[in-house]
């Protein structure tokens, strides 16, 4: 198929991650075939949208039967670059950072936290589960030595800009930002995704008021 993956909208990619979760759940329940309608009932999207999205990447079901769950899981993992485990480091080993590093969903999705960094002497030298905590002063050296491409940022907002601006963008390509500091989606050749938990509750508050009638 002749198209460029970078032309696919982020909205489509986000839906693919939903499909992947639906297929994983079905596979864990022993299901070997799923129709677009089956996926629709779990994901809450129209079957026609699901078929169109999957067809963009050459994933076609068997007419009258649906999609083989193992094949679709492999295909979606391949599209999302998840067939191999990706090493991730955490910056900020406070309450939020600790909770993030302990979240089991990351390893289930092939993301492995191999190190955490902080500036608190009481935390440095400790660990979060199997993840060792290092001094923030060692951050860029560690990134270079281990060729870390993905970073999760969970530091106070006042420290976020200084850390991001000093990252080696020749190595780091993705940042998941949990601070309240908002960065551009593309910054210094890095892709940044901002997640503000308070903002998510603000959206829920609006929808409770305006979207349920």
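The values are calculated or read from the model by the stated rules, or taken from the named source; none is laboratory data. Every value quoted in this text rests on a predicted model; they were computed, and no experiment measured them. Glycine also receives a Cβ, built like all others from the backbone with ideal geometry; neighbour counts cover every protein chain displayed.
Tabulated data for the structure shown
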| item | result |
| --- | --- |
| Within the stretch 66-89, tally of residues that are assigned to a loop (DSSP other than H, G, I, E, B) and over 15 Å from residue 56 (Cα atoms) | 5 |
| Subset of the stretch 188-213 (residues that are out of contact with any strand residue (DSSP E or B) (no Cβ under 8 Å at 6 or more places or on another chain) and in contact (Cβ under 8 Å) with a residue 12 or more places away in the chain) | 188, 189, 196, 197, 198 |
| Single match in 145, 165 (criterion: more than 19 Å from residue 101 (Cβ to Cβ), at pLDDT 95 or above and over 18 Å from the mean Cα position of the chain (by Cα)) | 145 |
| Check on residue 133, over 21 Å from the mean Cα position of the chain (by Cα), under 23 Å from residue 160 (Cα atoms), in contact (Cβ under 8 Å) with a residue 24 or more places away in the chain and not in a loop (DSSP other than H, G, I, E, B) | yes |
| Selection from the stretch 26-50 of residues that are touching a strand residue (DSSP E or B) at 6+ places or on another chain (Cβ under 7 Å) and either outside any helix (DSSP H, G or I) or not assigned by TED's automatic domain parsing to the domain that holds residue 66 (or both) | 32, 33, 34, 35 |
| Residue in the stretch 149-166 that is over 20 Å from residue 194 (Cβ atoms) and not in a strand (DSSP E or B) present | no |
| Odd one out for residue 58, checked against (1) free of Cβ contacts under 8 Å to residues at least 60 places away in the same chain; (2) more than 16 Å from residue 18 (Cα to Cα); (3) in a helix (DSSP H, G or I); (4) in contact with a helix residue (DSSP H, G or I) (Cβ under 9 Å, 6 or more places away or on another chain) | (3) |
| In the stretch 32-46, the residues that are touching a helix residue (DSSP H, G or I) at 6+ places or on another chain (Cβ under 6 Å), surrounded by 14 or more Cβ atoms within 10 Å (Cβ to Cβ) and over 19 Å from residue 9 (Cα atoms) | 34, 36, 39, 40, 42 |
| Output for the stretch 90-104, where each listed residue is out of contact with any strand residue (DSSP E or B) (no Cβ under 9 Å at 6 or more places or on another chain) and either outside any loop (DSSP other than H, G, I, E, B) or within 20 Å of residue 163 (Cβ to Cβ) (or both) | 95, 96, 99 |
